[in-house]
Amino acid sequence: MPKPNDNPTEHRARQQPTVPGTYTDVPFVEPAPAPELTEAERSRGFLLFQRPIMDPVHPNTHPLPHERLKRLSAFATPSEFEPVTFSVYPIRDLRSFRVKASALKGNAGEIPESRVSVRLATYWNVGYPRYTSRTTYRRVPELLERVTHHSSPADECQRWWLTVAVPPTASAGLYHGTVTVWDAETADALEIPLVLRVLPFTLKADPGKHYSVYYALRNKVQFKGRDDAFVDRALGNEYRAMADLGLDACPTLYLRVEGNPGKIAISHVDQFERMLAAGLKGPIPLAGGNAISHIYSKTTPGGKRGSHWKISKMPTEAFYAEVTRMFKALEAERRARGWPELICCPLDEVTASQKEFGSRVYKAVRDAGIRTYITKNPLASDAADYHPGIDVWCSQPYSMPY
């Protein structure tokens, strides 16, 4: 079809930092052969393909024959947001590649174009094979960025991620639309059929499940060089996005000790209040390591804390009593302010050799009337010592199937 005659504000992918010269690239090894293109695909310079959203598309991915794209289809319920993805395998450089989604129309009504977001899965250089790697990295799909124009080299796959936010009032039935793609090198645009079936029921939320995320306020890389006004706007956008994307509990907040003689307080409490105003609720996951470290130093002269809570000196009973007292005061403040329930991880990833110290700290916090969670495998060799003081296990093996 002819290229659409629209000219949106140009948004390009974010610039990325330079890889230090001490790092070595460990690229993904693609076992599949390069695909054989049809005459039409060779003429326009790219092949379109699709694979399940949980299967990654790497820069050097080779699409398989059954992944070749004919149309896009999905189903969803009212109020649900449903991802629809497709990928581009180019045999030439792509210049200002564009993706435009239309409204979805059917006998039951219309889902407007504004309810269909379009983002690009951008590749970033990430420590590999683990986040602690300091000499090797891999370029992997990392962010979904709101991009309107994108240029990329030949043989580098690009994955586009559409999200249909189905209105709560949408009637059941089939809705039809299109996704149009083109770039500066093509004479015409390519139109992909998009079909969405809205189902005749709504999904129910399980009141026993909550969704949260680890989070760092005022990320020093993300906000480097930005003024306070920019950071304030960006944080507000992030809180609203969390609620829009289905998180119902505040992200991880951090505790500290302030004042003299000292009380436990939530860091950036003003931002915590903004999170609640944006629609995030509880229970509130707390990381209490800084507060515990302060109490340990105050009550244990000469005691030193190492990584994974390897302490040089066991504290006295006064330390555990002070932990309980100070956390009781925090719980009393929570009730007075009408905040949602707090749930605390006082120590993160305690080494097995410190199980006596770790388990007693957890019990001291629980004795203050605050539920606890622990970053430890419930099947670990030292787990039994913690059971009396633990409400939630935050296990590290990542063994749950999708």
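The values are calculated or read from the model by the stated rules, or taken from the named source; none is laboratory data. The structure displayed is predicted, hence computed values, not measured ones. Using ideal geometry, Cβ is built from the backbone for each residue, glycine included, and neighbour counts are taken over all protein chains shown. Side chains are part of the model used for accessible areas, which takes the heavy atoms of the whole protein and leaves out ligands, DNA and RNA. Shrake-Rupley method; radii C 1.70, N 1.55, O 1.52, S 1.80 Å.
Each row is one residue, and each column tells you yes or no for (1) in contact with a Cys (Cβ under 9 Å, 6 or more places away or on another chain); (2) open to solvent by 90 Å² or more (accessible area, probe 1.4 Å); (3) at pLDDT below 95.
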| site | (1), (2), (3) |
| --- | --- |
| Arg14 | no, yes, yes |
| Pro17 | no, yes, yes |
| Tyr23 | no, no, no |
| Val26 | no, no, no |
| Pro31 | no, yes, no |
| Pro35 | no, no, no |
| Phe49 | yes, no, no |
| His66 | no, yes, no |
| Leu72 | no, no, no |
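When the range 122-138 is limited to residues that are without any contact (Cβ under 8 Å) to a residue 40 or more places away in the chain and not basic (Lys, Arg), the one that is nearest to Ala13 (Cα to Cα) turns out to be Val126.
In the set (1) within 22 Å of Arg12 (Cα to Cα); (2) open to solvent by 90 Å² or more (accessible area, probe 1.4 Å), the condition left unmet by Pro200 is number (1). Restricting the search to helices (runs of 4 or more DSSP H) fully inside the range 256-340 and requiring at least 2 residues that are among the charged types (D, E, K, R) gives 269-277, 317-337.
Conditions (1) open to solvent by 60 Å² or more (accessible area, probe 1.4 Å); (2) more than 24 Å from the chain's Cα centre (by Cα); (3) under 25 Å from Ala241 (Cα atoms), marked per residue:
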residue	(1), (2), (3)
Phe97	no, yes, no
Ser102	no, yes, yes
Lys105	yes, yes, no
Arg130	yes, no, no
Tyr137	no, no, no
Glu142	yes, no, yes
Trp161	no, no, yes
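Looking across the range 213-241, the residues that are farther than 23 Å from Leu286 by Cα and among the small types (Gly, Ala, Ser) come down to Gly225, Ala229.
Of the numbered criteria (1) in contact with a helix residue (DSSP H, G or I) (Cβ under 8 Å, 6 or more places away or on another chain); (2) open to solvent by less than 20 Å² (accessible area, probe 1.4 Å); (3) outside any helix (DSSP H, G or I), the one Val147 fails is (1). Can you find a residue in the range 300-316 that is open to solvent by 20 Å² or more (accessible area, probe 1.4 Å), out of contact with any strand residue (DSSP E or B) (no Cβ under 8 Å at 6 or more places or on another chain) and within 27 Å of Pro207 (Cα to Cα)? No: zero hits. Looking across Ala287, Ala329, one residue alone is over 27 Å from Thr163 (Cβ atoms), out of contact with any helix residue (DSSP H, G or I) (no Cβ under 6 Å at 6 or more places or on another chain), touching a residue at least 40 places away in the same chain (Cβ under 8 Å) and crowded, with 17+ Cβ neighbours inside 10 Å. It is Ala287.
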